[in-house]
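The values are calculated or read from the model by the stated rules, or taken from the named source; none is laboratory data. Nothing here was measured: the structure is a model prediction, and the numbers come from that model. Glycine gets a Cβ as well: all are built from the backbone with ideal geometry, and neighbour counts include every protein chain shown.
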Amino acid sequence: MADTFTAFVIEDADGKPKGGLKPLTLADLPDHDVLVEVAYSTLNYKDGLAVTGKGKIARKLPMVGGIDLAGTVAESRSPDWKPGDKVIVNGWGLSETQWGGYTRFQRVKPEWLTRLPDVFSLEEAMAIGTAGYTAALCVDALEDWGVIQPASQPGAKEVLVTGAAGGVGSVAVALLAKAGYPVTASTGRPETHEYLAGLGATSFIDRAALLEKGPPLQKERWAGAVDSVGGITLVNVLSQTVWGGAVAACGLAGGADLPGTVLPHILRSVTLIGVDSVAAPSDRRDRAWKRLARHLDKAHLKAMYEVQPMSKLPELGAKILAGQVRGRVVIDVAK
Ligand SMILES: NC(=O)c1ccc[n+]([C@@H]2O[C@H](COP(=O)([O-])OP(=O)(O)OC[C@H]3O[C@@H](n4cnc5c(N)ncnc54)[C@H](OP(=O)(O)O)[C@@H]3O)[C@@H](O)[C@H]2O)c1
């Protein structure tokens, strides 16, 4: 095992968070029960905020960034895990209150670990990452609500995915389409239509159409939706959802406010389902990863991601905040 290794550490620089590569030793890591040799992490929107210092993600400094990790157990004081086990961690406060995945080694609590599904490599697990696992939580939530119907059912209404070309959106499109639902993708990037059609989207709307404030009750179109944008977009989606429909909301790429009315909820029984991945209990995580293992086509996954070195994190962070990342970015922590 290496004596020293490289991590992306966010530190205090004159009262502001500033990230950079730094050597660490095993003695620097937190005293949790499982030591993981990390192979890959990911770049999520939240990581973009953390690595650029544009958002206050870390609640204490210094902090190792990265909300995800995938790797191999190197040492374990827990009976549940043994050296050689392939594992994933998504969320659980990584890069916020707990040191995260931008490092060759990390110590984590046993209860944070999810076993890597057999069908995925460590790289593929991080191609999915928090964004993909959150998309699966959203699809599970819509199915539990029971209003979305496969395209084969007469009169089945469309299921909308906003921020479709982003990480959550891409995986949501692929999972919904694979399960047979008629998927409409909302994106601001027409050049991604071919990519999204390849994942299974059957129609498109320009994201600008959802960015203008409309009346509180609009033409009923969506049986359900996965929304990673928030703000006026989410208000419009709720206003266009059919009687009894539901919207699984997980993101705020377009804003954290919700400047709408209760009318869709009290006149059309529309439900807004909040989805949080960070503290989701293990049974929901296992279910979401099983869906991903069952329904995420390997060819689709391959089309969705690129692998980048950890040394490029600052520029990649700026790109994801500018909405310039298509699909998912896997971070190779050895480079
Ligand atoms: N609740 C949770 O546990 C959880 C988990 C994961 C992610 N999230 C949140 O979900 C959101 C998406 O995450 P991600 O990793 O998918 O990020 P991402 O890859 O950057 O995707 C976000 C997408 O949203 C669209 N978008 C960006 N800015 C916009 C704007 N101003 N107005 C309208 N649309 C805009 C873009 O899609 P198009 O180019 O297709 O228009 C962009 O690709 C983030 O807010 C993230 O923090 C939450």
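Residues are listed down the side, and each one gets a yes or a no for (1) β-branched (V, I, T); (2) in a loop (DSSP other than H, G, I, E, B); (3) surrounded by fewer than 17 Cβ atoms within 10 Å (Cβ to Cβ):
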position	(1), (2), (3)
I232	yes, no, no
V235	yes, no, no
L238	no, no, no
V242	yes, no, no
V247	yes, no, no
A253	no, yes, no
P259	no, yes, yes
I266	yes, no, yes
- A179: passes all of (1) of a type in the set (G, A, S); (2) surrounded by fewer than 23 Cβ atoms within 10 Å (Cβ to Cβ); (3) over 22 Å from E124 (Cβ atoms) but (3)
- Members of region 264-299 that are away from the ligand (no atom under 15 Å from the Cβ) and touching a Ser or Thr at 6+ places or on another chain (Cβ under 8 Å): P264, H265, R268, V270, S282, D286
- Do any residues in region 247-267 that are more than 18 Å from L321 (Cα to Cα) have Cβ atoms under 8 Å from those of residues that are basic (K, R) and within 16 Å of the ligand (Cβ to nearest atom), where the two are at least six apart or on different chains, and which pairs are they? P259/K213
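Taking only region 210-230 into account, find how many residues are under 28 Å from Q153 (Cα atoms) and outside any strand (DSSP E or B).
Kept after step one, since they are under 28 Å from Q153 (Cα atoms), are these residues of region 210-230: 210, 217-228.
Among the residues that remain, those that are also outside any strand (DSSP E or B) are: 210, 217-221, 228.
Residues that pass the stated criteria total 7.
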- Residue identified as closer than 21 Å to C250 by Cβ and buried (at least 19 other Cβ atoms within 10 Å of the Cβ) among G93, G55, G100, G19: G100
- Selected residue (only one of L196, L211, L217 is more than 17 Å from G327 (Cα to Cα), touching a helix residue (DSSP H, G or I) at 6+ places or on another chain (Cβ under 7 Å), within 11 Å of the ligand (Cβ to nearest atom) and not assigned by TED's automatic domain parsing to the domain that holds G327): L211
- Message: Restricting to region 315-335, and then to whatever is surrounded by fewer than 16 Cβ atoms within 10 Å (Cβ to Cβ) and away from the ligand (no atom under 16 Å from the Cβ), can you tell me which residue is modelled with the lowest pLDDT?
- Response: K335
